[in-house]
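Nothing in this text is a laboratory measurement; each read-out follows from the coordinates by a stated rule. Please read these numbers as outputs of a predicted model, since none were measured by experiment. Glycine gets a Cβ as well: all are built from the backbone with ideal geometry, and neighbour counts include every protein chain shown.
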Amino acid sequence: MRTAIVTGAGTGVGAATARLFAEHGHAVVLVGRRRALLEQVAADLEHALVVADDLADPAVPGRLIEAARAAFGGVDVLVNNAAVIWNGAFADFTLAQFDEHVAVNVRAPFLLTQAALPALREGRSPAIVNVSSSIGSIVKPKTTLYAMTKAALEYLTRATAYELAEDGVRVNAVALGPVDTPIHATYADDLEAAYADLARRVPLGRMGTPEDVARWIWWLSSPDTAWTTGAIVPVDGGQVLGIPEAAGG
């Protein structure tokens, strides 16, 4: 039985991913800050470990990997999904917001990858999947902090894919478009208007679902994609191609 660690597993893409890995016979380590939400997801899984902790703390990755190894004997898959997002005008971002974005969206995946590497080297078809965003490749006003951290995560994906290939550890990423998850409520005062704006920017005409994304995360981690590494796969309804003309630019 392979073991997968999924960060940000209490809701949205992380929860859908944890469930899908469990359906494929994996033990799943669910990581996030809100224990109650993690336990709700874990209640439906046969082999699950809940780790409620804050990935902004640089001491957490080492503890997390040790907990996973103690519970299930190893780590085969790492899904770096947890993220924070604060939108606003560039001039208005605070140092605290900058530091939080970097700590959760970049430093945590970096440190988790480092901490997991010894276990992954011993793993079964070991793979890392990072969850990025199409916003890391295109310019969207008021998303500077989030977008720059996702661009950094994509570079981390390619660099580690190259360096860890000799260890047999594959590293890929999915770059999401707008997905219907609770994260949007953290920055939007008018959620209905925000959703309408997000959907109009997608050539396929709708926001994605967590399950749309989870299937790609699973696929990139599975032995069936054993000759794929360093890929940044857009799972975004075509958003990275540009805003549809009918949307008014």
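For every helix of n ≥ 4 consecutive DSSP H residues, a contribution of -39,500 (n - 2.57) applies; sum these over the chain, divide by its total residues, and give [θ] at 222 nm rounded to the nearest 500 deg cm²/dmol. Can you show the working numbers first?
Details: 8 runs with 98 residues, N = 249.
Estimated from H runs of four or more residues: -12500 deg cm²/dmol.
Report the local net charge at VAL28: Lys and Arg +1, Asp and Glu -1, summed over other residues whose C-beta lies under 14 Å from its C-beta. Please list the in-between numbers first.
On the way: positive: ARG2, ARG19; negative: GLU23, GLU39, ASP44, GLU46, ASP76.
Around VAL28, the surrounding residues sum to -3.
Please give the helix 144-164 orientation as an angle from the longest Cα principal axis of the chain, in degrees from 0 to 90, rounded to the nearest 10.
So the helix axis and the longest Cα principal axis differ by about 30 degrees.
Going by C-beta contacts inside 10 Å, put ASP197, ASP53, ASP212 in order with the fewest on the left.
Numbers: ASP197 13, ASP53 17, ASP212 20.
So the residues, fewest neighbours to most, are ASP197, ASP53, ASP212.
In sequence order, what are the phi-derived ³J(HN,Hα) couplings for segment 227-241 according to the Karplus relation 6.51 cos²θ - 1.76 cosθ + 1.60 with θ = phi - 60°, rounded to whole Hz, with x for glycine and proline?
10, 10, 8, x, 7, 10, 9, x, 10, 9, x, x, 4, 5, 6
Place +1 on the Cβ of every Lys and Arg and -1 on the Cβ of every Asp and Glu in the chain, take the dipole about the Cα centre, and give the residue among GLY237, TRP227, LEU153 whose Cα lies farthest towards its positive end.
It is TRP227, whose Cα lies furthest towards the positive end.
Tabulate in residue order the Karplus-calculated ³J(HN,Hα) for segment 54-63, using 6.51 cos²θ - 1.76 cosθ + 1.60 with θ = phi - 60°, rounded to whole Hz; enter x for Gly and Pro.
Using θ = phi - 60°, the values come out as 9, 5, 5, 7, x, 7, 5, x, x, 5 Hz.
With unit charges on the beta carbons (Lys and Arg positive, Asp and Glu negative) and the dipole taken about the Cα centre of the chain, which residue among THR209, ALA119, ALA165 sits farthest to the positive side?
Positive-end residue among those listed: ALA165.
Give me the number: length gained by fully extending LEU241 to SER222, i.e. 0.36 nm times residue separation minus the C-alpha to C-alpha distance, one decimal in nm.
Difference between extended and current length: 4.1 nm.
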